[in-house]
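Here is the structure we will look at, set down as structure tokens.
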Amino acid sequence: MASRVPSDALGRRILCGTERATVRYVGSVPPTAGIWLGVEWDDPQRGKHDGTYEGTQYFKCRHPRGGSFIRPNKANFGVDFLTAVKDRYGLNDNQEAQQGTENTFTFGKKTVEFVGIDSVAEQQSQLKKLVNISVSECAVSHAGQKEEISRTCANISHINLSKNLISSWETVTAIASQLQNLETLNISENKIRFPSTPSSVSSVFPKLRILVLNQTEITWTEVLLCAPGWPALEELYLSSNDITVLERPDNVLQTLKLLDLSDNQLLDGNQLHLIAHLPRLEQLVLRNTGISSIHFPDVGFGCKTKMFPSLKRLAINDNKISEWSSINELDKLPSLRSLQCHNNPFMDTEKNLGTLRQLIIAKIGQLEVLNKSEILPDERKGAELDYRKIFGNDWLAAGGNWNPEENKPNEEFLAAHPRYPSLCLKYGAPEEGELKGQQPLTLKNQLLTLTIKCPEKPEQKPVEKKLPESMTIQRVKGLLYRLLKVPGSELKLSYESSKLEGKEVELDNDLKPLQFYSIENGDCVLVRW
């Protein structure tokens, strides 16, 4: 590696062996002779100090031992974009195309294999056909000579530039400005300096639809400063960027359909109000953002909020949401159809996963998919009927009444169960007989008394169990796992009925409830493994 230091070395990203770093200082370090580079390592364990040497502070590091001094000949400042493309796809003038997997790649839908391209004309022809390229981890650091990319491979529309040595947004725009067909750009895992003043280059990304900026240290303010250059953007991925504060996007990001903010620790759920009026936003990913509540204060329960008007899919898993009131609030979203909410404290309030699922379904009326599992019409009906029944005694105690003129449940009940009135309108108020003996907070229905036998394991004594008829076969297997210590995936269930002498019916669909198979009191469930 040549020891010449680029004139713009300060702030540049480099490779030293396999380790990445940022140049924080260029100059002498007395009493030693010659030029040194002061670098801040991406991995602070690689460093020795904080930029201070023998009492003099030459540069600063985030980590107290994140810095080192290295000689320039140890630093790889990277290559230009076009050199990386040619190297990756075996098209460099000074090398023969190697045979094997690196030779085979895709131009659009057409797979091309290069075996020893000799002529420059043929190389240029192949470069012009490139549509979808990846130069991930190719040490790309700059755009190269002006207009060289547009002359050579102007048809590129999808680029993966992740894990390179790009240190500034200007480098990204210098590459993109030569690719007028660019639709997808991934520059994740590059530590990039973004503009701190409004950008005037609105024509650089005219067709860009998908932009991936995960782990680039971008702030939300910087997103909004760059966003005028993305007039057609539909998907924006901003995972793991330490974004804590949002701002209202005025006249930008109006075409956005998907926004991923996962693994950013937002200050609170009210930050969401600032992005709530993106008119076309259909999918919002908020996994592990630290939010503890969700609230749409513009409307009361039973009404639809004007916030997030197009939002169909929401992911709030791995957060700190502890109150069911946040789930009630989601019923206000007019377009919500799919929800992921695993690993939130509110889910610990109900041990039975099936009951938990039914509660969420009953609380959000328009939901069609919950935690990646489709909600079928029968499941929704069962969940809503059971919910109406479970909380019937609470409804009566709060002032509910079968007489519509006297039916005035208090505000406290309506705040906890905002959909209850609409469920009563849909199915009728729960009848007195339904509520007798009803235990609160348990989605009970008719219990079946069943005998469970293991015909091939005589040492296992038959046991008698009371199981809800709505219990799925999958949940029965979960119960049997606790009894028998045999994984549910290894269990095969069937049943015998006194009405079907000598006939055994296989319970072959894990998602179906016991009532689907017409099992009755006194029947015998047979377990084999």
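The values are calculated or read from the model by the stated rules, or taken from the named source; none is laboratory data. What you are looking at is a predicted structure, and each value in this text was computed from that prediction instead of being measured. Glycine gets a Cβ as well: all are built from the backbone with ideal geometry, and neighbour counts include every protein chain shown. Side chains are part of the model used for accessible areas, which takes the heavy atoms of the whole protein and leaves out ligands, DNA and RNA. Shrake-Rupley method; radii C 1.70, N 1.55, O 1.52, S 1.80 Å.
When the stretch 511-524 is limited to residues that are open to solvent by less than 50 Å² (accessible area, probe 1.4 Å) and at pLDDT 80 or above, the one that is nearest to Ala383 (Cα to Cα) turns out to be Pro513.
How many residues are touching a strand residue (DSSP E or B) at 6+ places or on another chain (Cβ under 9 Å), open to solvent by 60 Å² or more (accessible area, probe 1.4 Å) and assigned to a loop (DSSP other than H, G, I, E, B) when one looks only at the stretch 44-57?
So the count comes out to 1.
Taking the stated definitions as given, is Leu185 among the hydrophobic types (A, V, I, L, M, F, W, C) and part of a strand (DSSP E or B)? Considered against the rule, which asks whether it is among the hydrophobic types (A, V, I, L, M, F, W, C) and part of a strand (DSSP E or B), Leu185 comes out as yes.
For every residue, the table says whether it meets (1) buried (at least 20 other Cβ atoms within 10 Å of the Cβ); (2) among the hydroxyl-bearing types (Ser, Thr, Tyr).
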{"residue": "Ser240", "(1), (2)": "no, yes"}
{"residue": "Leu274", "(1), (2)": "no, no"}
{"residue": "His277", "(1), (2)": "no, no"}
{"residue": "Leu281", "(1), (2)": "yes, no"}
{"residue": "Val285", "(1), (2)": "yes, no"}
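Exactly one residue out of Glu137, Glu170, Glu222 is open to solvent by 10 Å² or more (accessible area, probe 1.4 Å) and out of contact with any Pro (no Cβ under 9 Å at 6 or more places or on another chain): that is Glu137. Could you tell me whether the stretch 470-481 includes any residue that is in contact (Cβ under 8 Å) with a residue 40 or more places away in the chain, surrounded by 12 or more Cβ atoms within 10 Å (Cβ to Cβ) and among the basic types (Lys, Arg)? Within the stretch 470-481 (the criterion being in contact (Cβ under 8 Å) with a residue 40 or more places away in the chain, surrounded by 12 or more Cβ atoms within 10 Å (Cβ to Cβ) and among the basic types (Lys, Arg)), the answer is yes, since at least one residue qualifies. If only residues of the stretch 323-352 that are of a type in the set (A, V, I, L, M, F, W, C) and either touching a residue at least 24 places away in the same chain (Cβ under 8 Å) or not in a helix (DSSP H, G or I) (or both) are counted, the one that is surrounded by the fewest Cβ atoms within 10 Å (Cβ to Cβ) is Trp324. Regarding the stretch 483-492, can at least one residue be identified that is under 18 Å from Thr449 (Cα atoms), open to solvent by 60 Å² or more (accessible area, probe 1.4 Å) and over 35 Å from the mean Cα position of the chain (by Cα)? Yes: one or more hits.
This table checks each residue for (1) charged (D, E, K, R); (2) modelled with pLDDT of 95 or more; (3) within 30 Å of Gly478 (Cα to Cα); (4) in contact with an Asp or Glu (Cβ under 9 Å, 6 or more places away or on another chain).
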| residue | (1), (2), (3), (4) |
| --- | --- |
| Cys303 | no, no, no, no |
| Pro309 | no, yes, no, no |
| Arg313 | yes, yes, yes, yes |
| Ser322 | no, no, yes, yes |
| Leu333 | no, yes, no, no |
| Met347 | no, no, yes, no |
| Leu353 | no, no, yes, no |
| Lys363 | yes, yes, yes, yes |
